[in-house]
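Please read the structure below before turning to the comments.
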Amino acid sequence: MTAFPLTLSGSFVLALCLAVQGAQPFQIAVIPKGTTHEFWKSIHAGAVKAQRELEAEGVPVTLHWKGPLREDDRDQQIQVVENFTARRVSGIMLAPLDSQALVKPVASAVSSKIPVLVFDSGLKSDKQISYVATDNFKGGKLAAEQMGRLLSGKGKVILLRYAVGSASTEEREAGFLAGLKSFPEIQLISSDQYAGPTRETAYGNSQNLLNRFGREVNGVFAVNENSTIGMTKALRDIGRAGGKVKMIGFDAGSQSIKDMKSGDVQGLVVQNPVHMGYLGVKTLVQHLQGKPVEKLIDTGVKLVTPENMDQPEFNELLYPPISRYLDK
């Protein structure tokens with residue numbers, strides 16, 4: 001009996017690979033800074049949107065969504081990264097709580113042949129395959145420009161920071177300070193105080209700031225969702241909301257939108273977290289399929305004001321379709 005060599009055509013090999021892939025979905029771990037704020041829920045919704053699209057294209061993906069309970073718990077986020085590394089997931093999407101503290105666990109994941117995509121907030125590393133984020137420096141400058149317009153170039157302003165080591169908010173803070181240089185008659189009376197990880201810490205720290213500067217301040221910039229909500233509430237407490245102090249925040253949580261409608265907030269610098277989560281998953285899967293990906297992907301940033309908030313272009317930014325993708 002004569003033995004014939006077995007030869008496989010390229011199309012057969014491709015079909016075989018797709019069949020194997022179909023049996024083994026890509027396991028994608030998505031690790032946000034936290035899970036309670038609407039911003040992170042919007043990220044999650046975008047990730048699910050991408051998952052559904054990929055599955056419709058015949059590319060099955062299993063998402064593992066897990067983040068620390070508090071947005072200042074670096075140790076827990078490190079542990080989450082290490083746990084997913086040990087589980088040998090296909091890839092990790094990470095929003096680092098600390099640009100330095102997460103460098104080592106990311107390097108460990110990459111050395112274990114698990115690609116890492118960083119989103120939302122930067123990492124002081126070159127190990128990640130891509131960085132998908134807002135231009136946060138530009139966002140901070142947009143806030144400064146709006147503040148200058150609202151104050152007609154004169155007045156006293158507070159910058160309420162978020163947390164040490166958070167690259168995204170540090171870039172917003174830097175952008176705001178750079179933008180204020182165009183308004184030499186605006187005086188920065190406080191720029192060294194931090195809101196902290198929750199609405200409660202932001203509210204308490206805002207109260208302390210206003211105890212010192214509440215009668216003289218003309219404008220405040222708060223750099224994320226919880227700091228915006230906490231400061232706005234503190235301004236209401238002392239009777240200086242409603243535009244008496246010009247309040248500019250970052251991110252479009254439902255409470256901040258309500259506060260803008262009521263006249264307590266004069267501007268929100270708004271990201272596109274649904275698009276960020278969507279592009280993060282799509283880009284990571286693209287890399288896993290052996291396709292080239294961009295090293296830096298800008299997901300956009302807009303200034304929304306009471307005057308333009310009803311324009312159709314801002315509808316999905318202000319009211320992200322979370323319930324369409326996430327179970328209530």
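So which residues in segment 110-133 are farther than 17 Å from residue 165 by Cα, polar (S, T, N, Q) and buried (at least 18 other Cβ atoms within 10 Å of the Cβ)?
Within segment 110-133, 128, 130 qualify.
Tell me which residues, restricted to segment 288-300, are in contact (Cβ under 8 Å) with a residue 12 or more places away in the chain and at positive phi.
Scanning segment 288-300 gives a single hit, 300.
Could you run through segment 288-314 and say how many residues are under 23 Å from residue 175 (Cβ atoms), buried (at least 16 other Cβ atoms within 10 Å of the Cβ) and in contact with a strand residue (DSSP E or B) (Cβ under 7 Å, 6 or more places away or on another chain)?
Of the residues in that region, 8 qualify.
Whether any residue in segment 266-287 is out of contact with any His (no Cβ under 6 Å at 6 or more places or on another chain), without any contact (Cβ under 8 Å) to a residue 12 or more places away in the chain and either buried (at least 24 other Cβ atoms within 10 Å of the Cβ) or under 28 Å from residue 52 (Cβ atoms) (or both) is what I want to check. Outline the logic, then answer.
Applying the first criterion (out of contact with any His (no Cβ under 6 Å at 6 or more places or on another chain)) to segment 266-287 yields 266-287.
Now restrict to residues that are without any contact (Cβ under 8 Å) to a residue 12 or more places away in the chain: 286.
Add one more test, that the residue is either buried (at least 24 other Cβ atoms within 10 Å of the Cβ) or under 28 Å from residue 52 (Cβ atoms) (or both), and what stays is 286.
Yes; the residues of segment 266-287 include at least one that is out of contact with any His (no Cβ under 6 Å at 6 or more places or on another chain), without any contact (Cβ under 8 Å) to a residue 12 or more places away in the chain and either buried (at least 24 other Cβ atoms within 10 Å of the Cβ) or under 28 Å from residue 52 (Cβ atoms) (or both).
From the set of residues in segment 186-223 that are outside any loop (DSSP other than H, G, I, E, B) and of a type in the set (Gly, Ala, Ser), which is surrounded by the most Cβ atoms within 10 Å (Cβ to Cβ)?
222
If residue 177 satisfies all but one of (1) part of a helix (DSSP H, G or I); (2) touching a helix residue (DSSP H, G or I) at 6+ places or on another chain (Cβ under 7 Å), what's the number of the condition it fails?
Checking residue 177 against (1) part of a helix (DSSP H, G or I); (2) touching a helix residue (DSSP H, G or I) at 6+ places or on another chain (Cβ under 7 Å), the one that fails is (2).
Bear in mind these aren't lab numbers, they're just calculated from the coordinates by the rules spelled out. These numbers come from a predicted model, not from an experiment. With ideal geometry, Cβ positions are generated from the backbone for all residues, glycine too; neighbour counts draw on all protein chains shown.
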